Amino acid sequence: MKKVPGFHSAREAKEFLISKIVEEAIREGTVLSEIERKMLYFSETDWTLPDISAVSDEFDRGYDQGEFESKIVGLVRHAYNNILQDYGDEYDKWWSAVRVLDRQDHYVLVIIRQAALRPRGDQLKLFGTAIVVAGLFLTFIFVSIYLESRYRLDFGKYMPSRDTREFLWWAILVSLTIVYFLLRRFLGEQRVDNFVAKSLAGLGRTFNRSK
């Protein structure tokens, strides 16, 4: 059984999350001033930097809070996406750190919540459900059109017209395209493209055997 990495204090958890944000800023070439980096440690109820009061005052005088939070939210999302693609201990450590900080009031956690991150399982369930539903609709349309043309069955009494079904067909194709690009964004381009290529190859082999 895999041991989930943990943190012994809010300080350790906070330093881990902030390190990931700073690493992402360096990776992207985004400038974070010393005041901005220190503000990520801000807390009114738990461990923080010894000079945080002075840092907070200088931040209020020289920075726009909305712009700062928007920049950090972007870095958080990108850092988290990289962690999702890694499939290592970093993912477990991220959520372990979030759970530790959730017990107190920490500014960095407030910003992370704004990023609206989803655990890996939630994303897979969401995308998997969308793909299954779209696939079922697409299969239904193909089968109904095939049966109607092959056996001259009149499905008009029981289902939408051919024009309506064709519209649904295109709507589903558009939905599948959107799901595909969302998957590439959240799960990684190479992983999704490899999965799609393998799936299409499998469908091709199945179709050839059925001839």
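Structure data summary
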{"item": "Qualifying residue in the range 62-71 (condition: touching a residue at least 40 places away in the same chain (Cβ under 8 Å), within 13 Å of ILE111 (Cβ to Cβ) and assigned to a helix (DSSP H, G or I))", "result": "yes"}
{"item": "Filter result (hydrophobic (A, V, I, L, M, F, W, C), modelled with pLDDT of 95 or more and not in a helix (DSSP H, G or I)) within the range 37-48", "result": "LEU40, PHE42"}
{"item": "Looking only at the range 18-36, and only at residues there that are without any contact (Cβ under 8 Å) to a residue 40 or more places away in the chain, surrounded by 15 or more Cβ atoms within 10 Å (Cβ to Cβ) and assigned to a helix (DSSP H, G or I), the one that is nearest to the chain's Cα centre (by Cα)", "result": "VAL22"}
{"item": "Every residue from the range 1-26 that is polar (S, T, N, Q) and either in contact with a His (Cβ under 6 Å, 6 or more places away or on another chain) or modelled with pLDDT of 95 or more (or both)", "result": "SER19"}
{"item": "For GLY88: the one exception among (1) of a type in the set (Gly, Ala, Ser); (2) free of Cβ contacts under 8 Å to residues at least 12 places away in the same chain; (3) touching a helix residue (DSSP H, G or I) at 6+ places or on another chain (Cβ under 9 Å)", "result": "(3)"}
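The values are calculated or read from the model by the stated rules, or taken from the named source; none is laboratory data. The model shown is predicted, which means the values in this text are computed figures rather than measured ones. A quick note on method: Cβ atoms are made from the backbone with ideal geometry, for glycine too, and the neighbour counts reach across all protein chains shown.
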